[in-house]
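Everything on this sheet refers to the single structure shown next.
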Amino acid sequence: MPIPQLVPSKGESYDPAERPPPFGHALKQYFPLDEDYVNLNPGSWGTLPLPVLFAATRLGYQIERNPDKMYRQLFHPLIVQARESIAKLVGADRDEVVFTPNATLAINTVLRNFEWREGDLLVGGAYDYHAVLLHHLLTHTKAATSYGGIANTIRYLADRSEQPRPELCLVKYIFPLTHAQILENFRTSLREFKAEHAAFGTQFTDVPPLSPGYTDDPAERKNKIVVVLDAITAAPGALMPWKEMVRVCTEEGAWAVVDAAHSIGQEPDINLSEAKPDFWITDCHKWLYAKRGCAVLYVPKRNQHIIKSSIPTSHEYVHAGSAKAMEKGTNFVMQHGWTGTPDHTAYASVPDALAFREWLGGEKVINDYCHQLALDGGKRLAHILGTRVLDETGELTLNMSNVRLPLPVEKSRGELYTPETISHINVYMRDKLLDEWGTYVVHFFHAGAWWCRCSPQVFNELSDFDYLGNALLAVCEDILEAFNLNK
Amino acid sequence: MPFPQLVPLKGESYDPTEKPPPFGHALKKYIPLDEDYVNLNPGSWGTLPLPVLFAATRLAYEIERNPDKIYRQVFHPLIVQARESIAKLVGADRDEIVFAPNATHALNTVLRNFEWREGDLLVGATTLYGGIANTIRYLADRSEHPRPEPCLIEYTFPLTHAQILDIFRTKLREFKAQHVTAGTQFTDIPPLSPGYTEAPAERKNKIVVVLDSITATPGALMPWQEMVRVCREEGAWAVVDAAHSIGQEPNINLSEAKPDFWVTDCHKWLYAKRGCAVLYVPKRNQHVVKSSIPTSHEYVHAGSAKAREKGTNFVMQHGWTGTPDHTSYASVPDALAFRNWLGGEKVINDYCHKLALDGGERLTRIMGTCVLDKTGELTLNMVNVRLPLPVEKVRGELYTPEKIAQINVYLRDKLLDEWKTYAVHYIHAGAWWCRCSPQVFNELSDFDYLGNALNVVCEEITEVFDLTEKQA
């Protein structure tokens with residue numbers, strides 16, 4: 001029995017020739033969220049329009065009607081088309097862009113492909129204070145660093161029980177900061193790390209192709225510095241001056257791996273052929289309306305020789321030194337076309353997602369709305385809570401706004417909040433918000449204070465922030481009592 | 001707009017208290033395949049029952065109604081339940097079982113977690129699945145130290161289990177002896193091997209063996225439990241690629257067989273949604289798997305207080321490796337319930353096994369050829385039958401690599417487009433074969449249909465590619 005032809009129900013289709021409804025609650029009819037769920041957190045998992053979900057479900061059913069035909073004959077062109085549309089959006093070449101199930105795996109693909117040597121430096125970002133305790137923080141406080149999975153990948157690589165392994169360095173950011181301060185901090189730290197190790201005799205001659213002093217000769221290339229930097233941090237949710245940071249990396253001869261998980265569909269004018277990061281990764285399901293489980297790995301042609309193997313390794317892996325290697329290099333695109341049996345309907349959902357966004361008016365229209373709402377909503381929330389937004393200048397805010405919660409601030413670490421207390425408060429807040437109030441935002445602890453991060457979408461309105469504000473007031477009062485924080 | 005409640009349509013639900021239809025075409029109403037598609041290849045991607053697909057779709061929609069609620073609160077218990085049901089099925093402990101998106105990924109997790117040293121041996125076989133063979137190759141391809149050395153065992157079917165075991169034991173000992181003579185000390189042996197020592201300083205080099213429980217092409221059951229025993233005796237780590245095992249191989253008892261690592265796909269034969277594999281790592285070996293791939297929030301820094309408490313935190317690490325589409329993992333209990341309804345593992349596999357044997361025999365008569373497995377030892381639910389194409393006695397005599405690729409494309413397109421049927425086709429030891437993997441919705445007449453199709457297509461190939469068997 002083949003699956004009956006799926007017929008779209010309410011909200012699952014739209015006429016591209018007709019005007020869309022106005023942004024705000026009128027758009028909720030095209031999104032799958034529960035009526036009574038006030039979602040101000042599409043930034044975590046993303047939420048996709050009903051028509052995109054419908055198309056992906058229908059494709060999934062089509063595959064089941066004849067998996068052999070679909071996988072062996074038809075599927076490939078769909079994926080190529082999806083890659084093409086992403087490439088256009090980010091200013092890259094189609095064959096520099098491949099899909100992976102999520103950003104964490106894409107970054108793992110890059111970091112695990114480097115052949116690490118003793119003396120190599122692997123530089124990450126840490127968003128908290130007390131440098132001395134950073135190693136401790138990394139294992140106890142999830143919000144302390146660049147996204148947990150990435151920080152842990154860096155840690156894992158440095159944890160190898162014997163040589164060779166890179167050394168871990170962390171650049172610390174304690175918000176609020178301006179872009180100028182971030183850049184200054186970054187440049188200074190990077191130079192410090194370099195100088196410190198050069199003084200011991202390390203020669204950082206394995207520099208990326210666009211850096212001064214690049215050499216083709218492998219014998220000359222001794223050690224390297226690889227920097228993982230965020231385009232937009234997660235908690236807090238803040239836009240970084242990443243293009244300038246990439247430039248600093250190039251000047252300093254460091255490889256720049258950009259975790260741009262939050263960028264596509266939120267950050268305007270991503271122009272990778274101009275910005276020239278060495279590697280760039282983003283999630284299409286967070287802000288771009290694609291189905292969950294769709295990330296993009298961008299590797300410019302000049303660096304594809306570094307990515308010797310997809311993860312996991314695939315049928316298309318090319319043995320170094322073989323005739324095929326001479327012809328295809330590392331076969332970057334083909335390797336990532338098939339890494340074991342997939343559920344690739346997420347990748348194939350990208351063109352449908354882009355078509356829907358076009359219908360709404362396009363990238364600029366969408367992001368102007370969300371950006372304005374993030375700013376206005378943040379202000380509104382700060383007003384209701386009697387607190388403030390994290391981003392004082394506006395530099396850090398695209399479509400995410402971080403507002404302080406009305407909970408006590410500790411001036412020295414551990415004074416009020418032990419790691420266990422932080423954990424318990426997080427669980428408490430999560431459960432109260434979801435179960436009792438039917439709303440959610442990411443909440444996190446940073447520099448002694450508690451914050452929430454709102455990531456409004458085209459179906460949100462200012463009144464959602466009112467609702468959230470009330471919920472947070474009530475929940476924080478509960479917390480003060482339940483955890484005995486009333487001073 | 002929340003979804004309209006999804007309502008199951010024809011075939012998308014069943015009453016577990018009512019008897020199922022008889023096996024064969026009467027069951028097709030519960031399967032999503034096109035009416036006119038004669039699928040004898042569920043062994044590749046698997047095909048899942050409509051009720052399981054419906055439940056997975058409904059779960060996916062529920063997630064979209066409130067991703068935060070589902071992912072942060074509700075989802076975890078579903079996955080734990082799924083892991084529990086797998087553990088029961090394979091004779092393992094629940095916390096020795098985690099999910100991965102597919103078998104290739106799971107095997108990569110194991111092989112990439114070993115800290116390779118110069119002198120280590122990584123032993124594979126010519127019959128390993130492409131992605132796995134390439135993983136071994138990739139690890140050995142590191143452009144500088146440290147990297148393992150790849151060793152390859154060759155199997156040319158047909159072979160009996162006794163022959164396979166003999167080849168395996170002999171070659172493994174050869175590889176060992178060869179390198180011991182050169183000075184390598186293989187003292188990094190798995191915990192159950194004689195001479196195992198806790199002291200890390202004593203552990204120098206290791207031998208890691210990747211072996212199939214059931215090979216892909218040809219589709220053949222290997223004497224894997226005995227091969228694991230040989231590994232143990234020889235001090236080699238046994239990594240078992242059992243992608244085809246669950247839902248096809250009866251009586252998998254991992255606490256008895258004691259492989260060091262074991263990996264299987266739930267979407268091939270177990271009726272789970274595609275994108276669901278199992279990685280089994282017994283507690284004694286969990287310290288080897290330091291990090292999931294990709295590394296997750298739950299990674300535990302070696303030497304930390306948390307490490308002393310949780311070791312490598314194996315289960316938690318694999319609970320979340322970045323944003324997923326985990327509805328496939330959650331589909332396992334629905335898949336098992338459906339199989340129970342049909343009568344259970346034994347009933348299903350008895351039917352498929354018999355059909356594989358009978359169908360294979362039928363095909364040989366229609367095509368005038370033979371089955372690969374002469375003794376029956378190699379056949380669970382997959383049968384390999386020779387295609388009526390010329391056999392080359394010397395490699396490359398008739399079929400260059402290019403020609404092989406072209407013939408495969410031709411076969412694929414003709415079968416799918418003109419005949420609407422399919423079975424995996426491949427060249428092995430100079431001859432062409434097809435591999436049929438019948439399911440509960442297949443009948444003998446499907447083999448008749450396939451046989452006719454193959455006869456016609458092979459005639460065309462003989463002409464199009466100008467193939468004439470060389471005279472001896």
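FYI, it's all coordinate maths here, none of it is from the lab. All values derive from a computational prediction rather than experimental measurement. Glycine gets a Cβ as well: all are built from the backbone with ideal geometry, and neighbour counts include every protein chain shown.
Answer rounded, prolate or oblate for chain A, using the Cα gyration tensor with square roots of eigenvalues a ≥ b ≥ c: rounded when a/c is under 1.5, else prolate when a/b is larger than b/c, else oblate. Oblate, because a/c is 1.5 or more while a/b does not exceed b/c. Taken as entire DSSP H runs, the helices of chain A that both span 20 Å or more between Cα atoms along their own long axis and average 0.0 or more on the Kyte-Doolittle scale are A:50-65, A:75-90, A:462-482.
Annotation for the range B:384-447: trypsin sites (Lys or Arg not before Pro) lying in DSSP loop with at most 15 further Cβ atoms inside 10 Å of their Cβ are B:Lys393, B:Arg395.
Going down the table (A:Lys88/A:Lys291; A:Lys286/A:Lys308; A:Lys172/A:Lys243; B:Lys69/B:Lys283; B:Lys29/B:Lys273; A:Lys324/B:Lys403), which pairs top 22 Å between alpha carbons? Checking Cα-Cα distances, A:Lys286/A:Lys308; B:Lys69/B:Lys283 exceed 22 Å. Length gained on full extension, B:Asn455 to B:Lys88, computed as 0.36 nm times the residue gap minus the Cα-Cα distance: 127.7 nm. The distance between label points at B:Asp350 and B:Asp166 comes to 3.5 nm (points 7 Å beyond Cα on the Cα→Cβ vector).
For a paramagnetic label modelled on B:Arg365 (point 7 Å from Cα along Cα→Cβ), amide N atoms under 18 Å away belong, within the range B:417-452, to B:443-452. Applying 1/(1 + (r/R0)^6) with r as the Cβ-Cβ distance of A:His305 and A:Ala482 and R0 = 51 angstrom yields a FRET efficiency of 0.35. Counting Cβ atoms of other protein chains within 10 Å of each residue's Cβ and taking the mean over peptide B:28-34 gives 5. Computed over the protein assembly as shown, the per-residue total of -39500 (n - 2.57) for DSSP H runs of n ≥ 4 gives a 222 nm mean residue ellipticity of -11500 deg cm²/dmol, rounded to 500.
When you filter the trypsin sites (Lys or Arg not before Pro) in the range A:173-240 for DSSP loop state and at most 15 other Cβ atoms inside 10 Å of their Cβ, you are left with A:Lys222. May I ask for the distance between the Cα centers of the range B:4-73 and the range A:216-265, given as a whole number of Å? Comparing the Cα centres of the range B:4-73 and the range A:216-265, I get a distance of 45 Å. Taken along the Cα-to-beta-carbon direction at a fixed 7 Å, the label points for A:Thr188 and B:Val394 span 7.5 nm. Applying a DSSP loop filter and a limit of 15 other Cβ atoms within 10 Å to the GluC sites (Glu not before Pro) in the range B:341-404 leaves B:Glu397. For the pair A:Gln81 and A:Ser463, label points projected 7 Å from Cα toward Cβ lie 3.9 nm apart.
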